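**Student:** Sharing a structure here in structure tokens format.
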Amino acid sequence: MPKKSLFVSLSIACVGAAHADFPDWSNVTLNGSNPFTYTDPLLGEVTLTYSGNFKNEGIVTNWGSTHLIGLGERGTGLGILTVEWENPITSLDIRAYDLDLGERDDFVIQSGTTLSLVEASPFGPANPLSGLRLSGVASDLPNAASDNYATVRIAGDAFTSFGVEFARPGSESGGHALSFGDAVVPAPASCVLIALGCAPTFGRHRRR
């Protein structure tokens with residue numbers, strides 16, 4: 001009698017991490033008026049909340065006619081932007097445009113994450129990041145230059161928010177803008193078990 005065999009194989013299938021690029025803010029519609037909301041395909045509902053002595057809120061075109069998220073200080077004290085979203089991510093890049101005239105951004109990030117410099121502005125200091133503070137130069141930089149920004153990255157444990165506290169020390173008014181993107185949404189914790197077919201064999205031999 002010929003051998004009888006059974007082939008069974010198990011395979012683990014996991015969905016990889018999703019990636020969200022920098023948005024084109026000219027195509028983003030903000031709802032409300034502080035807080036502003038909009039829906040991102042991967043992040044879910046995103047909320048932008050301004051507080052303190054802020055100005056230039058919402059989507060602005062003050063810097064090279066590029067659509068960006070405005071931030072600025074009016075009067076003595078900080079202008080603050082808090083960004084929150086629904087779906088946790090493990091990495092996010094943030095571009096700070098036109099940090100000049102002594103301006104600086106102090107970032108507020110969640111526990112378990114770190115802030116690092118990805119790219120310094122070609123017009124700014126070579127090492128603008130110290131701890132959670134991103135600093136600009138003392139001189140006035142060209143607003144119209146499309147590459148007038150420094151890029152930092154928040155990464156680490158999954159997080160759903162960050163904040164930026166903006167000020168121009170020694171002045172009662174300042175302004176700049178942000179863009180954020182290149183978000184990484186982690187893969188789901190669960191994986192799918194799929195039966196494919198191919199492994200142990202067994203057989204029975206006929207006695208002679």
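The values are calculated or read from the model by the stated rules, or taken from the named source; none is laboratory data. Bear in mind that the values here come from a model prediction, so they are computed numbers and not experimental data. As a convention, Cβ positions derive from the backbone with ideal geometry for all residues, glycine included, and neighbour counts pool all protein chains shown. All accessible areas refer to the heavy atoms of the entire protein, side chains included, with ligands and DNA or RNA removed. Shrake-Rupley method; radii C 1.70, N 1.55, O 1.52, S 1.80 Å.
**Student:** So is residue 26 surrounded by 15 or more Cβ atoms within 10 Å (Cβ to Cβ), among the small types (Gly, Ala, Ser), outside any loop (DSSP other than H, G, I, E, B) and under 20 Å from the mean Cα position of the chain (by Cα) or not?
**Tutor:** Here the answer is no, as residue 26 does not meet what is asked.
**Student:** Need pairs with beta-carbon distance below 7 Å; first residue β-branched (Val, Ile, Thr) and within the range 182-193, second at pLDDT 85 or above; sequence gap 6+ or separate chains.
**Tutor:** Pairs found: 184/89; 184/90; 184/91; 185/42; 185/87; 185/89.
**Student:** Restricting the search to the range 31-45, which residues are in contact (Cβ under 8 Å) with a residue 40 or more places away in the chain and either touching a helix residue (DSSP H, G or I) at 6+ places or on another chain (Cβ under 9 Å) or in a strand (DSSP E or B) (or both)?
**Tutor:** Selection gives 40, 44, 45.
**Student:** To continue, here is another question. Considering only residues that are assigned to a strand (DSSP E or B) and aliphatic (A, V, I, L, M), which ones fall in the range 121-147?
**Tutor:** 129, 134
**Student:** Answer yes or no: is there a residue in the range 51-72 that is open to solvent by 40 Å² or more (accessible area, probe 1.4 Å), modelled with pLDDT of 95 or more and more than 30 Å from residue 139 (Cα to Cα).
**Tutor:** no
**Student:** Working only within the range 55-70, note down all residues that are in contact (Cβ under 8 Å) with a residue 40 or more places away in the chain, of a type in the set (A, V, I, L, M, F, W, C) and not in a loop (DSSP other than H, G, I, E, B).
**Tutor:** The answer is 60, 68, 69.
**Student:** Is the range 39-48 home to any residue that is modelled with pLDDT of 95 or more, open to solvent by 40 Å² or more (accessible area, probe 1.4 Å) and closer than 30 Å to residue 76 by Cα?
**Tutor:** no
**Student:** Please state which of the following conditions residue 164 fails to meet, knowing it meets all the rest: (1) among the β-branched types (Val, Ile, Thr); (2) loosely packed, with under 14 Cβ neighbours inside 10 Å; (3) modelled with pLDDT of 95 or more.
**Tutor:** The number of the failed condition is (2).
**Student:** Another one. Criterion first (aromatic (Phe, Trp, Tyr) and over 18 Å from residue 168 (Cβ atoms)) does residue 63 satisfy it?
**Tutor:** Criteria not met by residue 63.
**Student:** Does the range 131-155 hold any residues that are under 15 Å from the mean Cα position of the chain (by Cα) and open to solvent by 40 Å² or more (accessible area, probe 1.4 Å), and which are they?
**Tutor:** Scanning the range 131-155 gives a single hit, 153.
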